[in-house]
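Everything on this sheet refers to the single structure shown next.
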Amino acid sequence: MRQLISSGSPFEGEIGFSRAVRHGDRIEVSGTAPIKDGKVAGSDAYTQTKAALEIIVKAVEDAGGTAASIIRTRIFLTDMSTWKEAARAHGELFGEIRPACSFIGTSALINPEWLVEIEASAQL
C-alpha cells in the first residue's frame, strides 16, 4: 500500500514530490519548510521550527499516525548558532516522545528566508 500525502505546497508539482508518503506502516515526511498561510512563518529559528513541525505532524496525521508515531527527525539549519532555538521548539513537541534527532548545518535552503527545514520518519 502506497499513500501520497499532499500539503498543497506549490513546490510539490514543480519538483515532483509529496509532503509525505506512507508505505505500509512507514511514513516518510519530505523536507518541510516553515510556511504558514503561504508565507514564511516568522524570522527566527524557534518560530520557523514550530511551523515546520506543525506541518509535519499534520502530514503524519493525514497518513494515519500521530506525533507519537514519529521516530526520527532531521533538522537542517542555515545558522548552527540558532540550534538552541530550534531545539526548544522541538523539545516542546517531542519532550516525552523523544524521537531520534539530528541537527545538520547547511549553507542554504531553497528560500533564503528559511532558517530551518525538517524531515521526519514515522512508524505505525
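Remark: segment 63-69, residue by residue, has Karplus-estimated 3J(HN,Hα) of 8, x, x, 9, 4, 5, 6 Hz, where x stands for each Gly or Pro and the curve is 6.51 cos²θ - 1.76 cosθ + 1.60 at θ = phi - 60°. Were the residues from E92 through I71 laid out at 0.36 nm apart, the gain over their Cα-Cα distance would be 6.0 nm. For C101, the residues 5 or more places off, or on other chains, whose built amide H falls under 5 Å of its own are T73. Dividing the helix sum by the residues of the chain, where each DSSP H run of 4 or more adds -39500 (n - 2.57), gives a mean residue ellipticity at 222 nm of -8000 deg cm²/dmol. Over segment 2-123, the hull volume per residue, using the convex hull of the C-alpha atoms, is 91 Å³. For segment 18-35, 3J(HN,Hα) computed residue by residue from phi via the Karplus equation (6.51, -1.76, 1.60; θ = phi - 60°) reads 10, 4, 8, 10, 9, 10, x, 9, 10, 10, 10, 10, 5, x, 10, 8, x, 9 Hz, glycine and proline entered as x. Computed from phi, the 3J(HN,Hα) profile of segment 89-100 under the Karplus parametrisation 6.51, -1.76, 1.60 (θ = phi - 60°) reads 5, 4, x, 4, 8, 10, x, 8, 6, 6, x, 4 Hz, with x in place of Gly and Pro. Please work out how many pairs of lysine residues in the chain are eight or more positions apart (or on different chains) and have Cα atoms closer than 14 angstrom. Lysine pair count for the chain: 4. Packing order of peptides 33-42, 8-17, highest average first: 33-42, 8-17 (average count of other Cβ atoms within 10 Å over each peptide's residues).
Here, each number is a calculation from the coordinates, and none is a lab measurement. These figures come from a predicted structure and were not determined experimentally. Cβ: placed from backbone, ideal geometry, glycine included. Neighbour counts: every protein chain shown.
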